[in-house]
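The values are calculated or read from the model by the stated rules, or taken from the named source; none is laboratory data. Keep in mind that what you see is a predicted model, and the values were worked out from it rather than measured. Don't worry about glycine lacking a Cβ; one is built from the backbone with ideal geometry, like all the others, and counts go over all protein chains shown. For accessibility, only protein heavy atoms count, side chains too; no ligands or nucleic acids. Shrake-Rupley method; radii C 1.70, N 1.55, O 1.52, S 1.80 Å.
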Amino acid sequence: YDLLANNAILAEDKHRPIYDELSGPDFKVSYSPGGATQNTIRVAQHFLNYPGATSFIGCIGRVDPIKAKGQDSFGEKLKASMEKEGINTLYQVDDKKPTGVCAVLLTGGNRSLVTRLDAANEYKYEHLKSESAWKLVTDASFYYVAGFFLTVSPESMISIGEHATISNKCFCMNLSTPFLSQFFKEQMQSVFPFVDILFGNDDEYRAFAANFNLNTTDLNVIASKIASMPKKNTKRSRIVIITQGDKPVILHKDGKTKDFPVETIPDENVIDTNGAGDAFAGGFLADYVRNKDIFTCIKSGSRAAAMIVQVSGCTLPERT
């Protein structure tokens, strides 16, 4: 398939048969629910540890990913995995595209990721406004969405943000990747006033600062300036959280910036850093929704990230 041993790409047509091949008898395959927002919700659910504590809305496909007909087995696997983990789901089902997947090929310590977005790019605002989906929204008290969704349905993010503002509920977003603040700046500007808690890593925040003309690369100053940007819900001050890998987490809250040390993992125990930021947000939110103090929330986020980097993918331990 002309893949590099340690790389991440979007699938081209020549890569599409790989998913069917991996699902065959010649390979030992493990299936894990994925996607940035979905992984954060899974980690939060894991730490909250009671059925139905969290809900997820997204889009899966109906058609077979290879033959373009029949039932989409990946979508069914995804639903079953989420239900097993105790998460409420309500997926829009796209009739024309298969469920998005990422094939992960392991060779020694290397990982080659081949991602096919498909139905994940097809979510429609009309689904969110359906009676069943909107009930999940109104029943919730906290909302979280990855910045990646800015490329799909920013109007859905705005609608939830407006509801959160009117109801004084908490709306959280992750910057997700540096390119969003550059190539989807208009969409980010439309959603940003609703954000009560912002997550992201140092590279993502510096990219945001550059594209929003904050005129600094100092992360403490960036955090302070972002916290002060216009906000719809004035009853909540914006919390800004910056992760830096194995360096301290930077927190800006109520006009003050603080550093918090993270859990140290020996290099030989680090298997996969992909998903660490998503896991941090999930661990943080699991305590934040229970009104724990902010230090405890960050400590739980750090613990969740440390757990995930020591396994392949966002693999959660089985509950005993």
Here the chain gives, from Cα atoms, an Rg and Dmax in Å of 19.3, 57
Rounded to the nearest whole number, the Stokes-Einstein translational diffusion coefficient of region 149-241 at 25 °C and 0.890 mPa s (Kirkwood radius, C-alpha pairs) in µm²/s is 185
For region 16-58, the Debye formula with one identical point scatterer on each Cα and no solvent gives log10 I(q)/I(0) at q = 0.19 Å⁻¹ as -0.69
Expressed in Å to one decimal, the Kirkwood Rh of region 1-137 from all distinct alpha-carbon pairs is 16.1
Taking Cα pairs closer than 8 Å and at least 6 residues apart, the relative contact order of the chain in percent is 15
The Cα extents of region 248-320 along the principal axes, largest first and rounded to whole Å, are 38, 28, 16
Of the accessible area of region 1-136, computed with a 1.4 Å probe and all protein chains kept, carbon and sulfur make up a percent value of 51
Helix 276-288: inclination vs the chain longest Cα principal axis, degrees, rounded to 10, gives 60
Connecting every pair of Cα atoms under 10 Å apart in the chain and solving the GNM, the largest mean-square fluctuation among GLU186, GLU263, GLU21 falls on GLU21
To the nearest Å², the heavy-atom accessible area per residue of region 175-249 with 1.4 Å probe amounts to 46
Nearest-0.05 FRET efficiency for ASP95 and ILE158 at R0 = 30 Å, using Cβ-Cβ distance, is 0.70
The answer for the per residue Cα convex hull volume of region 193-282, in Å³, is 105
Rounded to the nearest 10 degrees, the helix 36-48 long axis (Cα) sits at an angle to the longest Cα principal axis of the chain of 70
For region 115-179, the Debye formula with one identical point scatterer on each Cα and no solvent gives log10 I(q)/I(0) at q = 0.14, 0.19, 0.21, 0.23 Å⁻¹ as -0.43, -0.78, -0.92, -1.07
Here, LEU105 and ASN7, labelled 7 Å along Cα→Cβ, have an inter-label distance in nm of 1.0
About its Cα centre, region 173-269 carries a charge dipole, from +1 on Lys and Arg Cβ atoms and -1 on Asp and Glu Cβ atoms, whose size in debye to the nearest 20 is 780
Rg/Rh over Cα atoms for region 92-209, Kirkwood Rh, comes to 1.02
Check: C-alpha center region 243-295 vs C-alpha center region 114-169, spacing in Å is 25
The lysines whose Cα lies under 29 Å from the Cα of LYS235, excluding any fewer than 8 residues away in the same chain, are LYS129, LYS135, LYS169, LYS185, LYS225, LYS253, LYS256, LYS258, LYS292, LYS299
